[in-house]
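The values are calculated or read from the model by the stated rules, or taken from the named source; none is laboratory data. Just so it is clear, the structure is predicted and the values come from calculations on it, not from any experiment. A quick note on method: Cβ atoms are made from the backbone with ideal geometry, for glycine too, and the neighbour counts reach across all protein chains shown.
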Amino acid sequence: MPENIIFHIIFLSQILLISYYYPKQVLDRTAAVLEKHPPDQYPKLYPRPHSFYTQGQKRYKVANHVILALGFGLFIAIGNWDYSTSGEINNMIPFAYWMIQGIPMLLLEFLGYSRFKLMRAADVSGKRRAVLNPRRLFDFVSPGLFGLAIFMYVACILFFYSIHGFQIHPSNDTFIIFVSLTLMNLLFTAIIVGHLRGKKRDPHQAHDDRMKQSVASIKSLFIMSVVASFFIITTEGMQALHLDFYRASLMSAYLQLTIVIGLGALLRKIKLEEIDFEVYRKGA
Amino acid sequence: MDITIDIDNSTPLFTQLMNQIKEAILNNSLNPGAALPSIRQLANDLDLNNKTVAKAYRLLERDSIIQAKGYRGTFIHPDAKENCAVDLNEWVTEKLTETITSFRSSGVTDSEIRIAFGNVMHNRNN
C-alpha cells in the first residue's frame, strides 16, 4: 500500500531524528563544553565531580543506541506485518515509540533541574544581581504569533463543535479536545509565566543568556500550541474525508515536529560560542 | 541597568534597593517614564521576599520617585530626579529639632516632651 510506504519513510525519519541526530547534537555540545570549559577553570558550572558528567554522557549515548535499535526492530516488524496483512498501521505505534524516545530527554531534564539546585545550594555569595527592566510577554513573542495561537485554539474547539456538538461527557470528542487542549495550553502558560516572573534556575547565568533562552523557549511553546491545534484539526479532517490510513504518518510527522520546534530550536538558537561562560569561573 | 544587593551588608535590603534606584535616576541610567520590573519579578531575580521589594517600592512611591499605574506596571515618576534630592529623614529631623528647641525655650521639660510625643504617636489624644 503506498500510504504504508509513506509511513515507513516518515517513521524512519522519526527513528533517526529523535534517537540519533538530536542525541548526537546534545552529546557533541556537552563534550565541547567539558573540553573548552573544564571543571578546574569553571568550577561553578560543575556542582558534581567530573566523572559524573562523563558517565552521564556514556549512559545517555547507550540509552539512545538501545532505543535506536528498538526503533529499527519496530520498523522491520511493521514492514513484515504490512506485507503479510496489507492492513492499516495503528497511529499509536509512532506515539508509543516517541514516548520511549523521550525517556533519555526527560532524564536529561531531571538531571538539569538537580544540577541547578546544587548550583544554587553551592552559591554562598552574598551578592545578588538583577536587571531593572520588566520582562513582558511581547518582548519575547510577536503579537501576531500570540494572536495566531489564540485563533488556532478557538478554531480547533469550534471545528470540533461543528462536527460533534458539545456535551460535558467523556465520550464527547469536543469535550475531550477542549479539556486536553486547554490543559496543554495552561501548562505552556505556567512555563511562560515561570520565564517571565520566576526565579533564576541557574544562579550564575548571564542576563543576556537568560533572555536568549527565554525567547527561544517562549516562541517554541507558542509555535507548539499552534501546531498542536493544527494537527488536531487535520487529523479530524482526515477522518471526515476517509483518509484514515494517513493518520499514522501524520502522527509521526507531528511528533518529530514537536522535537524540532522544542529541542531543535533551543540547540539552533542558543549557540555555544555565544554563551558567557566567564560567570562560571572561580571568583566571578 | 543592573542592581546589586549585598545580603551580608548591615544596611537593610529595602534601603539598598531604594538607594540604588535613586542612584540610577540621578546618574540618568533610569529616565522619567522608564518601566520598572514587577515586585514579583524583582523579588525572584534577587531571591528576596516579595514584601522587601514591595516596601522599597511603597517608600519610593511615597517620595514620588516612582509611580504605580495599576495593571500597566510601575514607572519612574516624571519629577523623580528632583524628588530624589529630597531626604525625608533629614527633613523630619530638622523639623523635630526646631519644634523641640521651641518647646524647651518655652520651659517644657524633656520628659513632658517625650510623653506628649508618645501620646501623639499613639493617637491617645486624637
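Residues are listed down the side, and each one gets a yes or a no for (1) among the β-branched types (Val, Ile, Thr); (2) within 14 Å of another protein chain (Cβ to nearest Cβ); (3) surrounded by fewer than 17 Cβ atoms within 10 Å (Cβ to Cβ); (4) more than 26 Å from the chain's Cα centre (by Cα):
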| residue | (1), (2), (3), (4) |
| --- | --- |
| A:Phe95 | no, no, yes, no |
| A:Leu106 | no, no, yes, no |
| A:Asp139 | no, yes, yes, no |
| A:Phe178 | no, no, no, no |
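For a quick check of your reading of the model, give me the residue pairs whose first member lies in segment A:30-51 and is farther than 13 Å from A:Arg281 by Cβ, whose second is acidic (Asp, Glu), with beta-carbon atoms closer than 9 Å and at least 6 apart or on different chains. Pairs found: A:His50/A:Asp40.
Could you look through segment B:64-88, keep only residues that are at pLDDT below 90 and part of a loop (DSSP other than H, G, I, E, B), and pick out the one that is nearest to B:Ile7 (Cα to Cα)? Step by step, filter segment B:64-88, then rank; the result is B:Asp87.
Residue by residue, here is whether (1) farther than 23 Å from A:Gly198 by Cα; (2) outside the structural domain of B:Lys69 (by TED's automatic domain parsing); (3) within 17 Å of the chain's Cα centre (by Cα); (4) at pLDDT below 95 holds:
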{"position": "B:Glu23", "(1), (2), (3), (4)": "yes, no, yes, yes"}
{"position": "B:Asn27", "(1), (2), (3), (4)": "yes, no, no, yes"}
{"position": "B:Leu30", "(1), (2), (3), (4)": "yes, no, no, yes"}
{"position": "B:Arg40", "(1), (2), (3), (4)": "no, no, no, yes"}
{"position": "B:Asn44", "(1), (2), (3), (4)": "no, no, no, yes"}
{"position": "B:Ala54", "(1), (2), (3), (4)": "no, no, yes, no"}
{"position": "B:Tyr57", "(1), (2), (3), (4)": "no, no, yes, no"}
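Taken over segment B:46-76, residues that are of a type in the set (Lys, Arg) and within 14 Å of chain A (Cβ to nearest Cβ) amount to 2.
Residues in segment B:1-45 that are outside any helix (DSSP H, G or I), facing another protein chain (nearest Cβ under 10 Å) and surrounded by fewer than 19 Cβ atoms within 10 Å (Cβ to Cβ): B:Met1, B:Asp2, B:Thr4, B:Asp6, B:Ile7, B:Asp8, B:Asn9, B:Ser29, B:Ala34, B:Ala35.
The numbered conditions (1) basic (Lys, Arg); (2) in contact with a strand residue (DSSP E or B) (Cβ under 6 Å, 6 or more places away or on another chain); (3) more than 14 Å from every other protein chain (Cβ to nearest Cβ) are all true for A:Lys127 except (3).
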